[in-house]
Amino acid sequence: MIVESFPVGPFQCNCIILGCEETQAALVIDPGEESERILKRLSELSLKTVYLFHTHAHLDHISGTDGVQKKAGGLTCLHEDDMDLCEKLQLQASFFGLPSPTTPRIDQFLHDGDVLSFGQHSVEVLHTPGHTPGSLTFYISGFGLVTGDTLFAGGIGRTDLWGGSHPTLIHSIQKKLLTFPGETSVYPGHGPKTTVGREREGNPFLV
């Protein structure tokens with residue numbers, strides 16, 4: 001599997017590109033900013049975008065989507081419960097004094113238990129609400145969990161923003177994420193990667 005991960009934008013959201021070596025089909029997760037940089041890497045790797053997935057619809061995870069979508073194609077996917085946030089993308093930007101990004105077109109809603117493929121690889125969708133109502137985690141066999149702003153290395157997502165719920169977040173983490181084997185890699189929306197076991201044993205917010 002081809003793997004690229006790099007932080008983008010002022011909030012340093014981790015954008016992840018996963019590609020199939022056999023078919024060159026690509027999955028882009030959280031193209032939050034710097035669409036031209038993302039497009040450049042896709043071109044350099046000779047990848048064809050099949051899906052643009054979003055862990056949630058906060059502006060730092062979705063502001064670059066329109067730019068990638070228009071040039072790279074692929075189906076843009078989100079959980080329906082975050083559509084209100086998506087439609088208020090420009091309002092979100094105004095709260096931080098940032099330029100107004102273009103609201104992307106959402107082609108497909110993702111649901112808990114969905115399994116979609118990019119080339120020879122598949123991704124399972126887990127609905128993990130709490131940070132936002134429609135927050136998602138993606139499990140890719142042979143790679144790990146992409147948790148967005150639900151679970152971080154040594155931390156958890158904030159719940160004081162639109163639609164956040166601390167009890168719901170903790171439930172999502174305990175019932176959906178910590179049940180994976182300890183060696184499972186965790187790729188958060190910000191910061192370094194970790195493992196399920198490390199967070200299960202040492203995350204101070206989960207004790």
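Values quoted throughout were computed directly from the atomic coordinates according to the rules given, and no laboratory measurement underlies them. The structure presented is a predicted model; accordingly, all values stated were derived computationally and were not measured. Glycine gets a Cβ as well: all are built from the backbone with ideal geometry, and neighbour counts include every protein chain shown.
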One would report the antiparallel percent of DSSP beta bridges in the chain, rounded to the nearest 5, as 70 percent
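Name the chymotrypsin sites (Phe, Trp or Tyr not before Pro) in the stretch 42-144 that are in a loop by DSSP and that have at most 16 other C-beta atoms within 10 Å, would you?
Phe96
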Add -39500 (n - 2.57) for each DSSP H run of 4 or more in the chain, then divide by its residues: what number comes out at 222 nm, to the nearest 500 deg cm²/dmol? -5500 deg cm²/dmol
Whose amide H sits under 5 Å from the amide H of Phe152, counting only residues 5 or more places off or on another chain, with H placed in the peptide plane? Gly157
Cα-based Rg (one decimal) and Dmax (whole number) for the stretch 1-65, in Å? 11.0, 34
State to the nearest 20 debye the size of the charge dipole of the stretch 2-202 about its Cα centre, where the only charges are +1 on K and R beta carbons and -1 on D and E beta carbons. 220 debye
In order over the stretch 114-124: 3J(HN,Hα) from phi, Karplus 6.51/-1.76/1.60, θ = phi - 60°, whole Hz, x for each Gly or Pro, gives 4, 10, 10, 10, 10, x, 8, 10, 10, 10, 9
Sort out the exposed loop GluC sites (Glu not before Pro) in the chain (DSSP loop, at most 15 other Cβ within 10 Å) and tell me the longest stretch that has none. 23-182
Ranked by Cβ crowding within 10 angstrom, fewest neighbours first, how are Lys175, Lys70 ordered? Lys175, Lys70
Ordered by fewest other Cβ atoms within 10 Å, a rough proxy for footprinting exposure, Ile170, Ile29 read Ile170, Ile29
Of the DSSP beta bridges with both residues in the stretch 126-207, give the percent that are antiparallel, rounding to the nearest 5. 75 percent
For a footprinting-style exposure proxy, rank Arg158, Arg37 by other Cβ within 10 Å, fewest first. Arg158, Arg37
